[in-house]
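The values are calculated or read from the model by the stated rules, or taken from the named source; none is laboratory data. From a predicted model like this one, the values you see are computed outputs, not experimental measurements. With ideal geometry, Cβ positions are generated from the backbone for all residues, glycine too; neighbour counts draw on all protein chains shown.
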Amino acid sequence: MGRPRLLGVLLCYNDGDLVEDAVRYLREQGHELVVWDHGSTDETPDLLRRLQGELVELASVPRDFDFYGLYQAMSEHLIKDYVGRYDWISWPDQDEFLEGPDRARTYAEWLEEVVGSPYDWIQFNNFNYWWTPADDPDVTSAPLRVRHYCLWPDCGPRIRSWRASATNTREFNHNPPSGERYPRNFNLRHYPMRSSAQMRRRLQVDRAGLRRGGSNFHYDNMSSWPERLVIDPARLHFDDGRSELDHSVVFDWRSIYGTEASTPAPAAGPG
C-alpha cells in the first residue's frame, strides 16, 4: 500500500497573518487542499490567490452566507466531489495546526498509522496559544512568535480528522463522523489571539455581531472584560517547538471566555 491520499480543508476569514502558515503546514504534511474564503476584507484573498497553484480548489463564498452553514455546505461538497479520491480528510479551523498524540512523529506519519487501522476518526486536545507581552514583535510568523499555551480540557470536542469515507454533515466540526474513534487523542495548537492589534480586530470587527442560535457568548464575554485578555506569560507553558506539549492545566480558559451563563457588563473594546 502506498502513502495515503490526504486532503486538507480550510475555511478562511480575515486571518491573513496566519493563512500562509496554515496552508504551508498542511502542504508540508502531505495534504492537497480545498480552501474557501468567506468574504475576507484583509490580505487573505490576495495571499490565497498567490498560493492558488498549490491548491486543488480555491473558492470565494459571499460574506452574507451564514458562517455556521459553511460547515454543512463544505461537507456536502466533499461528499459529492472529493471523498472518493482521498483516503483521509483533515479539517482544522484556520487558526489550528494539527499534530499527532506526541512529537516522535510528524502529523502525516501518525496519519499513515491511523489510515491502516480499523478506526475512522480522531479527536484532538485543544492546546490554546495566546499572545503575551513576552512575544517578539519582530517575528512575523504567528506560530513562531506565539509560544505560550495551556491545554483547555473542557472545551467542545475538537474532531478535525477522519477517514474520507466516514465524512458526514459537519456541525461546526464537533459532531463525530461515521465509524469508530481512534483510541488516542491527537493534539492541536489553536491560535485565536496572536497580537493585541489582531485581538482587537477579531473582537471589534471580525466577530462583532456573529451569532449562533441567537448568541455568541465567548466573544460577547471577551469584549466586555478586556482587562482579562492580557495574560502574564508566567501563567502559561512555553512551547520550544521540540518538547512534548504539557498537559497540566495551569490556566483556566473559562476566565477568558466565560460560560454561557455569564452575564457580561456592557460591551467595550479591549484596551
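Structure above, values below:
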| quantity | calculated |
| --- | --- |
| Strands (runs of 3 or more DSSP E) contained in region 17-131 and holding at least 1 residues free of Cβ contacts under 8 Å to residues at least 60 places away in the same chain and farther than 30 Å from Pro226 by Cβ | 31-37, 57-60 |
| Residue in region 116-125 that is surrounded by 15 or more Cβ atoms within 10 Å (Cβ to Cβ), out of contact with any Leu (no Cβ under 8 Å at 6 or more places or on another chain), at pLDDT 95 or above and aromatic (Phe, Trp, Tyr) present | yes |
| Test for Tyr68: is it in contact with a strand residue (DSSP E or B) (Cβ under 9 Å, 6 or more places away or on another chain), within 20 Å of Arg158 (Cβ to Cβ), surrounded by fewer than 16 Cβ atoms within 10 Å (Cβ to Cβ) and of a type in the set (Phe, Trp, Tyr) | yes |
| Selected residue (criterion: modelled with the lowest pLDDT) from residues of region 178-207 that are among the aliphatic types (A, V, I, L, M) and over 17 Å from Gly258 (Cβ atoms) | Val205 |
| Residues of region 1-16 satisfying the condition of being outside any strand (DSSP E or B), in contact (Cβ under 8 Å) with a residue 60 or more places away in the chain and under 22 Å from Arg163 (Cβ atoms) | Met1, Arg3, Pro4, Arg5 |
| Any chance Leu70 is under 24 Å from Asn168 (Cβ atoms), within 17 Å of the chain's Cα centre (by Cα) and modelled with pLDDT under 95 | yes |
| Test set (1) in contact with a Lys or Arg (Cβ under 8 Å, 6 or more places away or on another chain); (2) at pLDDT below 90; (3) in a helix (DSSP H, G or I) - Ser255 fails condition number | (2) |
| Residue within region 112-120 that is among the charged types (D, E, K, R) and within 18 Å of the chain's Cα centre (by Cα) present | no |
| Residues of region 171-204 satisfying the condition of being surrounded by fewer than 21 Cβ atoms within 10 Å (Cβ to Cβ) and of a type in the set (Lys, Arg) | Arg181, Arg184, Arg200, Arg201 |
